[in-house]
1. Which residue is nearest to the chain's Cα centre (by Cα), if the candidates are limited to the range 476-490 and must be part of a loop (DSSP other than H, G, I, E, B) and among the β-branched types (Val, Ile, Thr)?
2. Hey, can you tell me all the residues within the range 118-130 that are crowded, with 24+ Cβ neighbours inside 10 Å and more than 28 Å from residue 54 (Cβ to Cβ)?
3. Identify all residues within the range 96-117 that are in contact with a Pro (Cβ under 8 Å, 6 or more places away or on another chain) and either at pLDDT below 95 or surrounded by fewer than 18 Cβ atoms within 10 Å (Cβ to Cβ) (or both); write none if there are none.
4. Residue 569: in contact (Cβ under 8 Å) with a residue 60 or more places away in the chain and over 19 Å from residue 532 (Cα atoms), yes or no?
5. May I ask you to say which residue of 69, 36, 85 is farther than 19 Å from residue 187 by Cβ and not charged (D, E, K, R)?
6. Name the residue, out of 139, 125, that is under 17 Å from the mean Cα position of the chain (by Cα) and closer than 22 Å to residue 377 by Cβ.
7. Are there any pairs, at least 6 apart or on different chains, whose C-beta atoms fall under 6 Å, with the first in the range 217-231 and of a type in the set (A, V, I, L, M) and the second assigned to a loop (DSSP other than H, G, I, E, B) and buried (at least 17 other Cβ atoms within 10 Å of the Cβ), and if so, which?
8. With respect to the numbered conditions (1) touching a residue at least 40 places away in the same chain (Cβ under 8 Å); (2) among the acidic types (Asp, Glu); (3) out of contact with any Ser or Thr (no Cβ under 7 Å at 6 or more places or on another chain), which one is the sole condition not fulfilled by residue 106?
Amino acid sequence: MNCKCETFKKAIDTVRILAADGVQKANSGHPGMPMGAADYAFTLWNDFLKFNPDDPNWIGRDRFVLSAGHGSMLIYTLLHLFGMGLTIDDLKQFRQFGSKCPGHPEYGHTRGVEVTTGPLASGLASAVGMAIGLKQQKARLGACDCLFDQKVYVISGDGCFMEGTSHEACSLAGHLKLDNLIVFYDSNKISIEGDTDITFTEDVGARFAAYGWNIININGNCVKQIRAAIQMAKVTKGKPTLIIGKTTIGKGSPNLAGKEACHGAPLGADELALTKEALGFDPQKSFVVPADVRKLCNDTIAARKAEAAEWDKKYNKFIASLDKDAKAAAKALLNKEVPKDICAQLMAAAPQKATATRASGGTIMQKAAELVPALVGGSADLNPSTKTYLKGAGDFGPENWAGRNIHYGVRELAMGLISNGLALTGTIPFSSTFMVFSDYMKPALRLAALQNLHEIYVFTHDSFFVGEDGPTHQPIEQLAMFRTIPGLTTIRPAEANEAAQAWAAALQANGPVVLCMTRQNLNNLDADVVEKKMDVSKGAYVVSDDKNFDIILMASGSEVNVIIGAAALLREKGIKVRVVSMPSWELFEKQPAKYKESVLPKAATKRISVEAASTFGWGRYVGQNGLSIGLDHFGASAPCDLLAKQYGFTPEAVAETAAKYLGK
């Protein structure tokens, strides 16, 4: 073995030892996967991956996704060795409070981490979104292959391929022929409970071949085979590639390699010392990078910086060559520009007749797409129902990579996670389905909120007013679920004008936003209310008011129409009412105390909330003396008007309940 090969092998073993050192010091973590996948990961980073150590967000970079996020010491070690900002001291703080090296990789927390991973296969599915986003970006900019040939590289393990997420996302990736996606399957055949043969005996390669993927089988611990596989994957056209690498978990450990004991626990001081000795390292020293390994990595860092500088020159020349309109379009797309007057423009597009908010929202989002080029997305085979197809924007696929409509098929979980990947590649993605099926998307919603990703969810058919489809399709507890996710903003507009303001708020948001839209038609509020009082951006506002009111009626969405009708009936009885539309709890909570007091005065303790969903959470607004009218049971299959009467969601029923509540 020549000197260069010896240094390369030592560098790979350095990755193994640093990963094991980090887990040992923390007395927590997963050393086996990083040790087994080190050959592939180091070879990829040193020989192939395009990155700029000076700018982790460099537009010309490839993406690296560690979908097997439990092996996080692998990516932290690579980020350290290749100059992405992590120090040896950072590695020593693995899994400690405030550390840059948390237990699983977190986007926005650690420089160079492209996506938050941990829930298995979520990273893989998000990588499919990144691959879509890069294809879209290149086509819409009209850039050539010499500039935009970036790849998305993923490391996934056995657990990722067991999860249903991988089935949904990888099926779509094969259908779309995403040849910029290269996945390494770290096939070590070990899970927490032991050999994967106890649960997982399918032929993964055959499954992915059926999806339309290019399959390469290699020894995942052989650098020569790894290099050849990556080279082949890079030039494969019309198919994503799965490199199935047979690896040994805990490779290098004399007694634990190939065993589940090194999957989710430290090697132990004695075994770690034996491992270091076996690999030619000083067993008495920890967190050491040999000088020749450091030089090898520093040389790669210098080369990557030079390559990035050359790429930037070509990119700047390309941008300069665009005409004025194309240059402005590129700027709007890349910067995700939203016009300052977006709210006024969308309000002008709102239908001025009784309309379901799914329909008015659909009309409004056509205007939004015209004004915001970064808006892209699709539905889970429900565009005719959710009204979320962007007219004239084209369908994304091999025949039109510039298409802004993505047909996800019946794949809600994949859709949500792919949208996360799209958000991470510079678009404002939307995804849509019936609200009850948001249950399938909960992991994606949570990860979007955790990463503070700017994306929009359009959930229609938002209550039991769905009617005849019955309880399987009638959301009850989903609104409460949305409201419990930290960082997720939920908006349930009451009519077309509120829908326009909701879309404006969503497009200007800092983080993910859920829009809850009705199936049934709703009357627009009076023009005077729309012009002088309506402000969805504040989360709640007073629709109508009587001096020295006796009671506050508050509602979101379709029930605002109901309480307006109930208020009219109460006023006929001499009861004074304040009517409050409350489309968004989260936006309301962000308002100054003075504004919140102006809408819901503390002294006004007689309050009723009305919402066609679980009453969970409304106690914070109605108070101890208040009343919540909702649905704390599942619905039924029947026409919506009949259900409204049955469940007490008519103006007459609400007025009667309110009068009794007041003792009148």
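The values are calculated or read from the model by the stated rules, or taken from the named source; none is laboratory data. On a predicted model such as this, the values are computed, not experimentally measured, just so you know. Glycine also receives a Cβ, built like all others from the backbone with ideal geometry; neighbour counts cover every protein chain displayed.
1. Taking the range 476-490 as the starting set, the residues that turn out to be part of a loop (DSSP other than H, G, I, E, B) are 476-477, 485-488.
Within this subset, residues satisfying the condition of being among the β-branched types (Val, Ile, Thr) are 476, 485.
On the way: 476: 24, 485: 13 Å.
Going through the qualifying residues, I end up with 485.
2. 121, 122, 124, 125, 128, listed by residue number.
3. Once the filter is applied, which keeps residues that are in contact with a Pro (Cβ under 8 Å, 6 or more places away or on another chain) and either at pLDDT below 95 or surrounded by fewer than 18 Cβ atoms within 10 Å (Cβ to Cβ) (or both), the range 96-117 yields 109, 111.
4. Yes; evaluated as a whole, the condition is true for this residue.
5. 85
6. So the residue among 139, 125 that is under 17 Å from the mean Cα position of the chain (by Cα) and closer than 22 Å to residue 377 by Cβ is 125.
7. Between residues of the range 217-231 that are of a type in the set (A, V, I, L, M) and residues that are assigned to a loop (DSSP other than H, G, I, E, B) and buried (at least 17 other Cβ atoms within 10 Å of the Cβ), the close pairs are 230/48.
8. Against the list (1) touching a residue at least 40 places away in the same chain (Cβ under 8 Å); (2) among the acidic types (Asp, Glu); (3) out of contact with any Ser or Thr (no Cβ under 7 Å at 6 or more places or on another chain), residue 106 comes up short only on (3).
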